[in-house]
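S.K.: Take a look at this one; I'll ask things after.
All of the numbers you see were taken from the coordinates with simple rules; none came from a lab. Bear in mind that the values here come from a model prediction, so they are computed numbers and not experimental data. Backbone-built Cβ (ideal geometry, glycine too); neighbour counts: all protein chains shown.
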Amino acid sequence: MQYEAVIGLEVHVQLKTKSKMFCGCATEFGGSPNTQVCPVCLGYPGVLPVMNEEAVSKTIRTGLMIGSKVAGFSKWDRKSYFYPDMPKNYQISQYDLPLCAEGAVEIKLDGGKTKAIGVTRAHLEEDVAKSTHFETTSGVDFNRAGVPLMEVVSEPDMRSPEEAFAYITALKEILVSGGISDCDMEKGQLRCDSNVSVRPIGQKEFGEKVEIKNMNTISGVRRALAYEIQRQTAALQKGEKVSQETRRWDDAAGRTFVMRTKEYAHDYRYFPDPDLMPVVVSEEMIAAARKLLPELPEAKRQRFIKQYGLPEYDAGVLVADTALAGYYEKAAVASKNPKAISNWVMTELLGKLSEAKRTIGECAIQPEHLTELVALVDGGQISGKIGKEVFAEMFDSGKSPGLIVKEKGLVQVSDTGALEGFVNEAIAKSPKSVADFKAGNEGAINFLKGQVMKLSKGKANPQLVGEILQRKLRGG
Ligand SMILES: [Zn+2]
């Protein structure tokens with residue numbers, strides 16, 4: 001019998017706000033443990049939470065980006081549970097009235113096909129503290145407690161680990177482009193749980209679903225799902241039952257382990273938080289969020305292909321990084337050769353940045369200087385080879401290419417008088433190549449060309465050198 005997987009994802013995203021969800025503490029990552037805390041986010045008794053409006057507005061913006069319905073009326077609920085990362089013994093979340101409901105994220109499949117993955121809801125809650133386990137003790141850091149956390153719940157629309165991978169990638173691109181979150185998984189800004197079940201192909205009912213937790217990278221999600229699908233399929237083939245439970249992914253071991261049997265919503269005893277007013281979302285709030293909507297990644301990719309004549313691959317690489325796309329566009333929009341700009345960005349610039357372990361935001365080269373460099377090469381003022389030398393200097397010093405060319409005397413020699421001098425010298429020095437050329441070996445001219453380039457220290461205009469050599473060798 002053939003089986004297929006049914007996958008749904010719950011993605012938790014830390015929103016990019018200055019302060020926490022219900023208090024004024026900073027959200028910045030990387031502070032010493034328990035330095036960004038106050039009685040509210042430490043869960044002291046008797047304190048009162050105050051809602052962060054920016055977090056609500058970013059959640060509304062997310063809803064608009066994925067085509068959700070934004071609720072006019074929403075509220076806060078207490079999700080009760082007992083754990084050291086939440087000393088007040090409940091998390092403030094949204095239960096039956098989330099801010100956003102329904103929506104979709106489009107993913108790309110092999111062969112250029114697309115598929116819409118439904119989004120059930122996106123709601124807002126507070127993040128919990130972070131536990132760290134040492135050899136004999138455990139520590140809890142409350143800097144993370146209370147950071148605005150948006151949960152995006154998908155429909156069980158994915159059928160393979162690859163589709164899940166494509167979904168997280170697409171969702172991440174949308175969130176980053178909208179300024180909702182940086183989605184840095186290493187900093188825990190994007191975390192993902194998955195529900196997965198398998199069923200015989202053709203069967204309508206879902207199989208018993210298993211929840212997988214602790215997948216810390218997107219490729220970890222893909223591997224965990226592949227493992228789990230295989231485990232469940234093997235169990236069914238042996239006539240065993242799959243039990244509904246929560247399993248933990250162990251990336252090093254490459255397998256999942258049982259954590260606990262599945263809990264149900266009623267275990268959490270959700271009830272409206274009496275300390276917080278319901279959220280009334282006005283038309284003005286939605287209109288304000290709409291004004292801040294960015295161009296969505298897929299639309300930008302298509303525009304880059306059309307407007308700048310880029311191949312699909314280039315557009316994909318550039319748009320995947322919002323900052324890089326912005327940088328490229330600043331350089332390309334002023335250039336007569338946007339494809340050349342893309343070549344410089346994709347090979348030289350990305351290569352240098354990764355070598356120097358720098359981000360595009362830390363790049364010394366101004367976009368307009370890249371435009372200037374391409375114009376210098378295209379206009380024949382410098383050769384492509386010298387261009388690379390100039391580029392390296394631009395990367396180190398941040399100077400303009402024009403200034404570097406002037407300072408180093410790198411202007412390409414196109415003056416035929418000077419070039420003829422170099423050509424004569426090369427011919428005089430290489431009688432063998434000259435003889436070879438005259439005997440019919442056309443390739444021998446390349447050696448002579450190389451000699452001229454060397455004599456000119458790479459500054460001779462190669463096209464003119466070729467012409468002069470041809471003339472001299474054929475004529476003489
Ligand atoms: Zn606080």
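S.K.: Could you give the distance between the Cα centres of the stretch 54-93 and the stretch 131-179, to the whole Å?
M.R.: 14
S.K.: Additional query: Can you find, among GLN381, SER400, ILE360, the residue farthest towards the positive end of the dipole of the stretch 295-408? Put +1 on the C-beta of Lys and Arg, -1 on that of Asp and Glu.
M.R.: GLN381
S.K.: Subtract the Cα-Cα distance of GLU245 and LYS330 from 0.36 nm times their separation in residues, and report this length gain in nm to one decimal. Walk me through the numbers before you get to the answer.
M.R.: Values: separation 85, 0.36 × 85 = 30.60 nm, distance 5.08 nm.
Difference between extended and current length: 25.5 nm.
S.K.: At 0.36 nm per residue, minus the direct Cα-Cα distance, what do LYS454 and LEU292 gain on full extension? Give it in nm, one decimal, please. Display every interim value, and only then the final one.
M.R.: On the way: separation 162, 0.36 × 162 = 58.32 nm, distance 5.54 nm.
Computed gain between LYS454 and LEU292 is 52.8 nm.
S.K.: Could you rank the peptides 223-231, 347-355 by their average count of other C-beta atoms within 10 Å per residue, with the highest value first? Display every interim value, and only then the final one.
M.R.: Values: 223-231: 20.1, 347-355: 14.8.
The peptides rank, most packed first, as 223-231, 347-355.
S.K.: Summing -39500 (n - 2.57) over the DSSP H runs of n ≥ 4 in the chain and dividing by its residue number, what mean residue ellipticity at 222 nm do you reach, to the nearest 500 deg cm²/dmol?
M.R.: -12000 deg cm²/dmol
S.K.: Take every Cα-Cα distance within the stretch 416-475, group them into 5 Å bins from 0 onward, and report for each bin the whole-number percent of pairs it holds.
M.R.: So the P(r) values, bin by bin, are 4, 22, 37, 25, 11, 2.
S.K.: Report the full-extension gain for the segment THR132 to ALA235: residue separation times 0.36 nm, less the Cα-Cα distance, to one decimal in nm. Walk me through the numbers on the way to the answer.
M.R.: Values: separation 103, 0.36 × 103 = 37.08 nm, distance 3.42 nm.
Value of the extension gain: 33.7 nm.
S.K.: Something else now. Given charges of +1 on the Cβ of Lys and Arg and -1 on the Cβ of Asp and Glu, with all other atoms neutral, how large is the dipole of the chain about its Cα centre, in debye to the nearest 20?
M.R.: On the way: 62 positive and 62 negative charges, 291 e Å.
Charge dipole, the chain, about its Cα centre: 1400 debye, nearest 20.
S.K.: Based on the alpha-carbon gyration tensor of the chain and its eigenvalue square roots a ≥ b ≥ c, which shape applies: rounded if a/c is under 1.5, prolate if not and a/b is larger than b/c, or oblate? Walk me through the numbers before you get to the answer.
M.R.: Details: a/c = 2.80, a/b = 2.13, b/c = 1.32.
Prolate, because a/c is 1.5 or more and a/b exceeds b/c.
S.K.: Let me ask something additional. Among MET65, THR169, ASN143, whose Cα projects farthest towards the positive end of the dipole of the chain, with charges put on the beta-carbon of Lys, Arg (+1) and Asp, Glu (-1)?
M.R.: THR169
S.K.: Taking R0 as 60 Å, what FRET efficiency do you get between GLN203 and VAL411 from their Cβ-Cβ distance, rounded to the nearest 0.05? Don't skip to the answer; put the middle values down first.
M.R.: Numbers: r = 73 Å, r/R0 = 1.22.
Efficiency, rounded to the nearest 0.05: 0.25.
S.K.: How much net charge surrounds MET394 when only other residues with a Cβ under 11 Å from its Cβ are counted (Lys, Arg +1; Asp, Glu -1)? The partial results should precede the final answer.
M.R.: Numbers: positive: LYS352, LYS388, LYS399; negative: GLU348, GLU372, GLU389, GLU393, ASP396.
Charge balance in the 11 Å sphere: -2.
S.K.: Between ASN441 and ARG269, what is the label-to-label distance in nm when each label sits 7 Å out along the Cα-to-Cβ direction?
M.R.: Placing both labels 7 Å beyond Cα along the Cβ direction yields 9.3 nm.
S.K.: Also, quick follow-up: Toward the positive end of the charge dipole of the chain, about the Cα centre and with charges on Cβ (Lys, Arg +1; Asp, Glu -1), which of ALA332, ALA460, PRO274 goes farthest?
M.R.: ALA460
S.K.: Rounded, prolate or oblate: which fits the stretch 241-310, taking a ≥ b ≥ c as square roots of the Cα gyration tensor eigenvalues, rounded meaning a/c under 1.5, else prolate when a/b beats b/c? Show your work: numbers first, answer last.
M.R.: Details: a/c = 4.28, a/b = 1.30, b/c = 3.29.
Cα axes put the stretch 241-310 in the oblate bin.
S.K.: Further question: Taking the Cα centre of the stretch 295-408 as origin, sum charge times position over the Cβ atoms of Lys and Arg (+1) and Asp and Glu (-1), and report the length of that vector in debye to the nearest 20. Spell out each step's value before the answer.
M.R.: Values: 15 positive and 16 negative charges, 32 e Å.
Dipole of the stretch 295-408, to the nearest 20 debye: 160 debye.
S.K.: Okay, moving on. Taking the stretch 388-476, which trypsin sites (Lys or Arg not before Pro) meet the DSSP loop condition and have no more than 14 other C-beta atoms within 10 Å? Could you put the intermediate results ahead of the total?
M.R.: Values: sites: LYS388, LYS399, LYS406, LYS408, LYS429, LYS432, LYS438, LYS449, LYS454, LYS457, LYS459, ARG471, LYS472, ARG474; in loops: LYS399, LYS457, LYS459.
Sparse-neighbourhood loop trypsin sites (Lys or Arg not before Pro): LYS457.
S.K.: Pop a pseudo-label 7 angstrom from the Cα along the beta-carbon direction at both ASP110 and LYS385 and give the gap in nm to one decimal.
M.R.: Here the answer is 4.3 nm between the modelled labels.
S.K.: Could you list ASP273, ASP396 so that the one with the fewest beta carbons within 10 Å of its beta carbon is first and the one with the most is last? Please report the intermediate quantities before stating the final value.
M.R.: Working: ASP273 19, ASP396 12.
Going from sparsest to densest Cβ surroundings: ASP396, ASP273.
S.K.: What is the distance, in nm, between label points placed 7 Å from the Cα along the Cα-to-Cβ direction at ARG159 and at ASN216?
M.R.: Each label point is offset 7 Å from its Cα along the Cβ direction, giving 3.4 nm.
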